[in-house]
Amino acid sequence: MRYSQECGTSWARMWGAAVGDRVEITTGGPNGSHHSAQVTTPKEADTYVHTLMSVIRPGTSLQACLRPAAGGGKECFRAHYTA
């Protein structure tokens, strides 16, 4: 999970992934959003793959999840943005 104070945005990224792995970010609040990105080629697996940016404000809750292509269930991380 990444954050840019300058942009007021957050996004999720992964690296060292495998083809088919997916990363997702969901933000709560009045401007809630959901974005995802998936590794589609071996070349992408060797770089950062990231979701689109989501605008966040103080009080926004965030959840980023990795959904591995190999199965085994998703792994999620939660955060709460405070100024």
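The values are calculated or read from the model by the stated rules, or taken from the named source; none is laboratory data. What you see is a predicted model; the values in this text were computed from it and never measured. When we count neighbours, we look across all protein chains shown, and the Cβ atoms used for this are built from the backbone with ideal geometry, even at glycine. Just the protein is used for accessible areas: all its heavy atoms, side chains included, with ligands, DNA and RNA removed. Shrake-Rupley method; radii C 1.70, N 1.55, O 1.52, S 1.80 Å.
Summary of computed values
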item	result
Carbon plus sulfur fraction of accessible area for the chain, probe 1.4 Å, in percent	52 percent
Cα gyration tensor shape of the stretch 1-41, rounded if a/c is under 1.5, else prolate or oblate by comparing a/b with b/c	oblate
Per-selection Kirkwood Rh - the chain (Cα, Å, 1 d.p.)	13.0 Å
Fully extended contour minus Cα-Cα distance, from Thr47 to Asn31, at 0.36 nm per residue	2.8 nm
Calculated on alpha-carbon atoms, Rg and Dmax of the stretch 39-83 in Å	13.8, 39
Ranked by how many other beta carbons lie within 10 Å on average, peptides 46-54, 75-83 from highest	46-54, 75-83
Length-normalised contact order of the chain in % [C-alpha pairs under 8 Å, at least 6 apart]	30 percent
Solvent-accessible surface (1.4 angstrom probe) belonging to Ser36, in square angstrom, nearest 10	60 Å²
Residues in the stretch 27-47 reached by a label modelled at Gln63 [backbone nitrogen below 20 Å; 7 Å Cα→Cβ]	27-38
Average accessible area per residue (Å²) across the chain - probe 1.4 Å, nucleic acids and ligands excluded	64 Å²
